[in-house]
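Colleague: One structure is given below, represented as structure tokens, and several questions about it will come after.
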Amino acid sequence: MVALAERPCTPCRGGVSPLTPSECAIYLAEVPDWELRNDGRIVVRRFHFPDYRAALAFANAVSVLAEETWHHPELALGFGFCEVSLTTRKIGGLHESDFVMAARIDALASGPLDSAWLPQLPPPKSTKPKAW
């Protein structure tokens, strides 16, 4: 059996039924830190980080993955966290590709996130008054 993260993340074109809760349970076994919400139409995970910049680096890395796979999650970002929500809007619920993306995001979170995912910080502000 091919690991969930290794399966193709094929964009859903519609015309299929969303996964049932029992079908979702099979996929959730492979991404156990994710939870179903909104009557099983969304799968969500909150990732925790030591600070805002680390959470931002993760959100930026997820956004690159989303563009590569053309599967765009909703991201909620705050100090020390990034919450990721996945659903397939075309079918009004979950598709196998949502769980494939969840597994890929888990793999991304388990690796190093470095400053390559962050914009440069502006130079520190001077505390000295300007001499005119």
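Colleague: Looking at (1) farther than 21 Å from L36 by Cα; (2) of a type in the set (G, A, S); (3) touching a Leu at 6+ places or on another chain (Cβ under 8 Å), which is the only condition G111 fails?
Modeller: Condition not satisfied by G111: (3).
Colleague: Restricting attention to segment 32-52, which residues are out of contact with any Cys (no Cβ under 6 Å at 6 or more places or on another chain), over 21 Å from R89 (Cα atoms) and open to solvent by less than 80 Å² (accessible area, probe 1.4 Å)?
Modeller: Those that are out of contact with any Cys (no Cβ under 6 Å at 6 or more places or on another chain), over 21 Å from R89 (Cα atoms) and open to solvent by less than 80 Å² (accessible area, probe 1.4 Å): F49, D51.
Colleague: Given E96, E74, which one is free of Cβ contacts under 8 Å to residues at least 24 places away in the same chain and of a type outside the set (A, V, I, L, M, F, W, C)?
Modeller: E74
Colleague: If you don't mind, there's one more thing I want to ask. If you scan segment 65-113, which residues turn out to be of a type in the set (F, W, Y) and surrounded by fewer than 20 Cβ atoms within 10 Å (Cβ to Cβ)?
Modeller: Once the filter is applied, which keeps residues that are of a type in the set (F, W, Y) and surrounded by fewer than 20 Cβ atoms within 10 Å (Cβ to Cβ), segment 65-113 yields W70, F79, F81.
Colleague: In the list V62, V44, V31, which residue meets the criterion of being assigned to a loop (DSSP other than H, G, I, E, B) and modelled with pLDDT of 95 or more?
Modeller: Result: V31 is the single residue among V62, V44, V31 that is assigned to a loop (DSSP other than H, G, I, E, B) and modelled with pLDDT of 95 or more.
The values are calculated or read from the model by the stated rules, or taken from the named source; none is laboratory data. Everything numeric in this text was worked out from a predicted model, so none of it was measured. Note: ideal-geometry Cβ built from the backbone for every residue, glycine included; neighbour counts use all protein chains shown. Remember, those area values only see protein heavy atoms, side chains included, never the ligands or the DNA or RNA. Shrake-Rupley method; radii C 1.70, N 1.55, O 1.52, S 1.80 Å.
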